[in-house]
């Protein structure tokens, strides 16, 4: 142990799983010191993110544990219903709405108590934070996001909440920005009222981060059923905005994501008497005219999917194939781009499946 520099030990240990590292911590004081250091925690996380064999798909099941699927072996090998699921413990405070996952951390919002729970299931540790929202005024969650933003390297939670002030029947809309691990109580949470534009928009769900801005796809009630926009929230400026969707589309349902560093959208689009899925990317961020169609995912040409299904982008493989979840069937799918066909990875998936890496992170 003493014959090797700490840097060498860090490099060796950073290739191990969280489970193995926790074992080493319990048997060797010197290794415990190295593994517990923030430098090593960051190094291990960086390696996990950059190593496809450590990538997993996380599924927030409604029971006492979470499930994960090994990304490289199970998915690239065809998967099917013989996928090797692994479970992670779920803290009892992690109930209600699944907000998101980032760097091995999982975030939930209990909409009954209006408390946030952030946990690292691999470490079996969690933290709860009360939002101090008056439940008498019927708060309702419209949209959410959890992640780490690079400008200050802090983990943040964004919530859009509608409530009533008790004096009128007019709803009020507030953006809640929470830093669950901030040591400064005064900067841990900020609340800003958003103008009445939110009265015209609904169907947000979970956000997508790109360029320090969180994006939600939303339906504009003024423009009726075929008009969607992206509602945005700048984490640095704490300001809201909008981005237009691809022009000329009559969208029945759409979801957004990131493909090759570009904002993307999967749109269920009617063409004549049938519906197909179109994948679009915004080549130049914020420029409406730069929306470019990448491919079609046609339900008419493939018996594995239905035009009535809703598809959600989970991730992209190293080969450029798309990993998708869907409802109402809850299948986990992979779309082989070169072959232009779908494969069912498992029929026991989850709509909120997300890419996931296990980590030692818990600030």
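I'd like the residue in the stretch 261-299 that is surrounded by 13 or more Cβ atoms within 10 Å (Cβ to Cβ) and modelled with pLDDT under 80 and, out of all such residues, is farthest from residue 337 (Cα to Cα).
Selected residue: 270.
Check off (1) modelled with pLDDT under 70; (2) closer than 25 Å to residue 153 by Cβ; (3) touching a strand residue (DSSP E or B) at 6+ places or on another chain (Cβ under 8 Å) for residue 186 and give me the number that stays unchecked.
(3)
How about the stretch 190-246: which of its residues are assigned to a strand (DSSP E or B), at pLDDT below 60 and surrounded by fewer than 19 Cβ atoms within 10 Å (Cβ to Cβ)?
Step one: of the stretch 190-246, the residues assigned to a strand (DSSP E or B) are 190-194, 201-202, 205-206, 208-210, 213-220, 228-234, 239-244.
Keeping just the survivors that are at pLDDT below 60 gives 201-202.
Selection gives 202 alone.
Taking only the stretch 115-141 into account, find how many residues are within 16 Å of residue 98 (Cβ to Cβ) and modelled with pLDDT of 90 or more.
Of all residues in the stretch 115-141, those within 16 Å of residue 98 (Cβ to Cβ) come to 115-121, 126, 128, 141.
Okay, now just the ones that are also modelled with pLDDT of 90 or more, so 115-121, 126, 128.
Summing the residues that are within 16 Å of residue 98 (Cβ to Cβ) and modelled with pLDDT of 90 or more in the stretch 115-141 gives 9.
Those residues that are loosely packed, with under 14 Cβ neighbours inside 10 Å and either at pLDDT 95 or above or in contact with a helix residue (DSSP H, G or I) (Cβ under 8 Å, 6 or more places away or on another chain) (or both), I need them from the stretch 38-55; list them, please.
Those that are loosely packed, with under 14 Cβ neighbours inside 10 Å and either at pLDDT 95 or above or in contact with a helix residue (DSSP H, G or I) (Cβ under 8 Å, 6 or more places away or on another chain) (or both): 38, 39, 46, 52, 53.
Identify all residues within the stretch 142-151 that are surrounded by fewer than 18 Cβ atoms within 10 Å (Cβ to Cβ) and either in contact with a helix residue (DSSP H, G or I) (Cβ under 8 Å, 6 or more places away or on another chain) or free of Cβ contacts under 8 Å to residues at least 60 places away in the same chain (or both); write none if there are none.
The one that is surrounded by fewer than 18 Cβ atoms within 10 Å (Cβ to Cβ) and either in contact with a helix residue (DSSP H, G or I) (Cβ under 8 Å, 6 or more places away or on another chain) or free of Cβ contacts under 8 Å to residues at least 60 places away in the same chain (or both): 148.
Would you mention how many residues in the stretch 336-358 are at pLDDT 85 or above and surrounded by 22 or more Cβ atoms within 10 Å (Cβ to Cβ)?
4
The values are calculated or read from the model by the stated rules, or taken from the named source; none is laboratory data. Keep in mind that this is a model prediction, so the values were computed, not measured. Counting neighbours? That spans all protein chains shown, and the Cβs are built from the backbone with ideal geometry, glycine included.
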